[in-house]
Amino acid sequence: MHVLTELAPLLGSLRGVWDEDAVDELDHALQAAARATEDGADDELVLAAALHDVAHSPLLREGRESPHERVARDWLTPRFGVRVGWLAGAHVAAKRYLCATDPGYAASLSDVSVVSLRRQGGAAVDPALEAHPWWADAVRLRRYDDAAKVPGASALTVEDVLVIAERVLR
């Protein structure tokens, strides 16, 4: 279970890392996982929600020149499988898609997400992604991501995420 011993400190390293204004990356990850759990998501989707921004960890120095969603996908896939990696890797494309297809979505983004959207290429629809069998879950993950930026909101614990990760590994 080397992956689990690697995951606990990686999650812990997100404490005090700020990408958003309201919550640090650890709270963001644990809130996203809680939103997925509340929505009845399966373990792979919950784990992808928890780890979609894992590239922000100071322990993942390699690949810093790559977009964070690609670093997350590349780190997660060999550890937790293709679906977990793909879902985490698609969360930026899902944001771009929602901005292009849902008139109220862009207005709901945090200021940080608006700035990063410009850097990520702006609103766009990718028909190949829309046809992917996991696309609907990628959009769900994006919604969990957006809802996971609230100080003091309910969240899973690191231990909860480790239990889910262990189930995914089985």
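Give me the angle, in degrees from 0 to 90, between the Cα long axis of helix 68-80 and the longest principal axis of the Cα atoms of the chain, rounded to the nearest 10.
40
Considering only protein heavy atoms, what per residue accessible area in square angstrom results for the chain with a 1.4 angstrom probe?
On the way: 7810 Å² over 170 residues.
Roughly 46 Å² per residue, with all protein chains present.
Please compute the contact order of the range 1-91 in relative form: average sequence separation of alpha-carbon pairs under 8 Å and at least six residues apart, divided by the residue count, as a percent.
Numbers: 109 pairs, mean separation 21.9, N = 91.
24 percent.
Could you state the angle between the C-alpha long axis of helix 135-147 and the longest principal axis of the C-alpha atoms of the chain, as a value from 0 to 90 degrees rounded to the nearest 10?
The angle comes out near 80 degrees.
Return the inverse of the average 1/r over all pairs of distinct C-alpha atoms in the chain, which is the Kirkwood hydrodynamic radius, in Å to one decimal.
Numbers: mean 1/r = 0.0634 Å⁻¹.
Roughly 15.8 Å, rounded to one decimal.
Taking the Cβ of residue 146 as the centre, find all other residues whose Cβ is under 10 Å away and add up their charges (Lys, Arg: +1; Asp, Glu: -1).
Values: positive: 35, 95, 142, 143, 149; negative: 145.
Net local charge, residue 146 excluded: +4.
Determine by what factor the alpha-carbon radius of gyration of the range 61-129 differs from 2.2 N^0.38 Å, reporting the quotient. Display every interim value, and only then the final one.
Working: Rg = 13.0 Å, N = 69, 2.2 N^0.38 = 11.0 Å.
Its radius of gyration relative to the 2.2 N^0.38 Å reference: 1.19.
For the range 9-43 and the range 125-144, what is the separation of their C-alpha centers, rounded to whole Å?
20
Can you check what the Kirkwood hydrodynamic radius comes to for the range 87-126, Cα pairs only, in Å to one decimal?
Working: mean 1/r = 0.1001 Å⁻¹.
Computed over Cα pairs of the range 87-126, the Kirkwood hydrodynamic radius comes out at 10.0 Å.
So if R0 is 22 Å, what FRET efficiency would residue 102 and residue 159 give, r being the distance between their Cβ atoms, rounded to the nearest 0.05?
It comes to 0.05.
Could you tell me the extents of the range 126-170's C-alpha atoms along the three principal axes, largest first, rounded to whole Å?
37, 32, 9
Residue 128 versus residue 112, label points 7 Å from Cα toward the beta carbon: distance in nm?
Going from the residue 128 label point to the residue 112 one covers 3.1 nm.
The values are calculated or read from the model by the stated rules, or taken from the named source; none is laboratory data. The shown structure was predicted, so the numbers you read here are calculated from the model rather than taken from an experiment. In this analysis, Cβ positions are derived from the backbone assuming ideal geometry, glycine residues included, and neighbour counts consider all displayed protein chains. Remember, those area values only see protein heavy atoms, side chains included, never the ligands or the DNA or RNA. Shrake-Rupley method; radii C 1.70, N 1.55, O 1.52, S 1.80 Å.
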